[in-house]
Structure formats: C-alpha cells, structure tokens
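Down below is the structure, laid out as structure tokens.
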Ligand SMILES: CC(C)(COP(=O)(O)OP(=O)(O)OC[C@H]1O[C@@H](n2cnc3c(N)ncnc32)[C@H](O)[C@@H]1OP(=O)(O)O)[C@@H](O)C(=O)NCCC(=O)NCCS
C-alpha cells in the first residue's frame, strides 16, 4: 500500500500508511495524555513520569496554542499516531523563543511520522514572524530523536549534566538544541 501524508491540501508520499496532519483540538487531550504516559514508561524518551501531568493541562495547552503557537496531531486509520507543538516562552523578552515537543505514539515510530510533523512545524515557524528561535531538550541517549533534529538543521547548544532522573533510577544528561528561521 502507498503511504500518504496529507497536510491541508497537500498529500505527501510516505511509504506504508495514509496519514493526515491537522490542528489539535481539546477533544484530543485524553488520547494525547494516554500516549505520553505510555511513552514515558520507556526510560530515556520523555522527561515526565507517567500520570504526572493532569489531562486538564493537555487540554488547556491545546487551547492556548490555537492562537499563541501551533499544536498538531497526526492521524492514521481514525486514531492518533503522534502529536507535536511549538509553545512560546512566557516572558516578553523571550517570547520569540518557541519550545518544541514531539511525540510519535508507541507502535508507530520509524515510519516517517516524526519527520512529517517536524516539517509541518518548522514550515509554520519559518512563515510566522513571531518565531525567532526554536529550542528543545533531548535526552543524551535518545539518538533517534537527535538524528531527526540534526537532519532539520538543529544544532547542539548545551549539555545539562545529570538533569533527568529517569523512571529506572538512572540520572541522564539533557542536550539543548536550537533551530533558527532564515530571514
Ligand atoms: C523521536 C521521534 C519523534 C522520531 O520520529 P519517528 O517517526 O520515529 O522517526 P522518522 O521515521 O521520521 O525518522 C527516524 C530517523 O531516525 C533514524 N534512526 C532511528 N534510530 C536511530 C538511532 N538509534 N540513531 C540514529 N538514527 C536513528 C532513522 O534511520 C530515520 O532516519 P532517516 O529519516 O534519515 O532515514 C519518535 O521516534 C518519538 O516520538 N519517539 C518517542 C518520544 C521521543 O523520543 N520524543 C522526542 C523527545 S526529545
């Protein structure tokens, strides 16, 4: 089967599934929270521990970013397979800095979904004049994520030693990475 990713009117050949990227709605919050909790059970991927963030926080983030940033989900076969967002920092002095979060849901990794969501967000960041910089933190051992970020032009800016206390008790370094729109 040919894989297609649709973004707005665009259809992108992906390989093996039909996937669509759309703006998240508050109704997606439960599925997103469940997918993050499932992802968090594998140490070394996301910072949070399972169940730590209340579903209401996901709902309000989606609502806030409808105007202040961009919150997208990837859908395939009627279910969510990923979510990602760009969230501006809160103070005026650094409101041009948008923090990236990206999660491909368990069972769907390494099928090009992360690539498609990151392209969507960075295309938007390139077009939106409010964005002066995109930042993220990635666990030092998460080489798959670092590969994706480097492929899109993110560069390492910092290493925060023993910053993450994982579910399995290990302390892990965090790598700070950044991307700048070309203007
Ligand atoms: C990291 C993540 C967003 C990547 O998305 P994805 O859909 O799985 O990845 P894609 O299929 O788009 O691309 C994967 C790429 O990583 C490469 N890769 C896979 N494992 C790798 C590894 N151990 N080291 C280096 N590169 C690796 C693949 O070869 C592929 O490269 P290519 O596009 O150049 O061929 C996704 O795996 C994910 O959400 N994981 C769980 C949560 C997470 O780690 N989020 C990021 C937190 S900072």
State which residue pairs qualify: first residue modelled with pLDDT of 95 or more and inside the range 109-121, second residue part of a helix (DSSP H, G or I) and within 7 Å of the ligand (Cβ to nearest atom) in any location, beta carbons under 7 Å apart, and separation of 6 or more residues or different chains.
-> 114/148; 115/148; 118/148
Restricting attention to the range 91-102, does a residue exist that is under 16 Å from residue 65 (Cβ atoms) and in a helix (DSSP H, G or I)?
-> no
Report whether or not residue 54 is surrounded by 14 or more Cβ atoms within 10 Å (Cβ to Cβ), over 15 Å from the mean Cα position of the chain (by Cα) and modelled with pLDDT of 95 or more.
-> no
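For the range 158-183, which residues satisfy the criterion of being in contact with a strand residue (DSSP E or B) (Cβ under 9 Å, 6 or more places away or on another chain) and not in a strand (DSSP E or B)? Don't jump to the end; show me each part of the working.
Step one: filter the range 158-183 for residues in contact with a strand residue (DSSP E or B) (Cβ under 9 Å, 6 or more places away or on another chain), giving 158-166, 170-181.
Across the range 158-183, the qualifying residues are 166, 170, 180, 181.
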Identify, please: which residue in the range 107-134 is closer than 24 Å to residue 41 by Cα and not in a helix (DSSP H, G or I) and is, among those, farthest from the ligand (Cβ to nearest atom)?
-> 107
Any residue at all in the range 138-149 that is near the ligand (Cβ under 9 Å from one of its atoms), within 16 Å of the chain's Cα centre (by Cα), surrounded by 13 or more Cβ atoms within 10 Å (Cβ to Cβ) and in a loop (DSSP other than H, G, I, E, B)?
-> yes
For residue 74: the one exception among (1) more than 14 Å from the ligand (Cβ to nearest atom); (2) surrounded by 14 or more Cβ atoms within 10 Å (Cβ to Cβ) | (1)
Residue count, the range 53-75 (criterion: touching a strand residue (DSSP E or B) at 6+ places or on another chain (Cβ under 6 Å) and closer than 13 Å to residue 35 by Cβ) | 3
Within the range 153-179, the residues that are crowded, with 17+ Cβ neighbours inside 10 Å and under 26 Å from residue 22 (Cβ atoms) are 154, 179
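The values are calculated or read from the model by the stated rules, or taken from the named source; none is laboratory data. Bear in mind the structure is a predicted one, so any value in this text is a computation, not a measurement. A quick note on method: Cβ atoms are made from the backbone with ideal geometry, for glycine too, and the neighbour counts reach across all protein chains shown.
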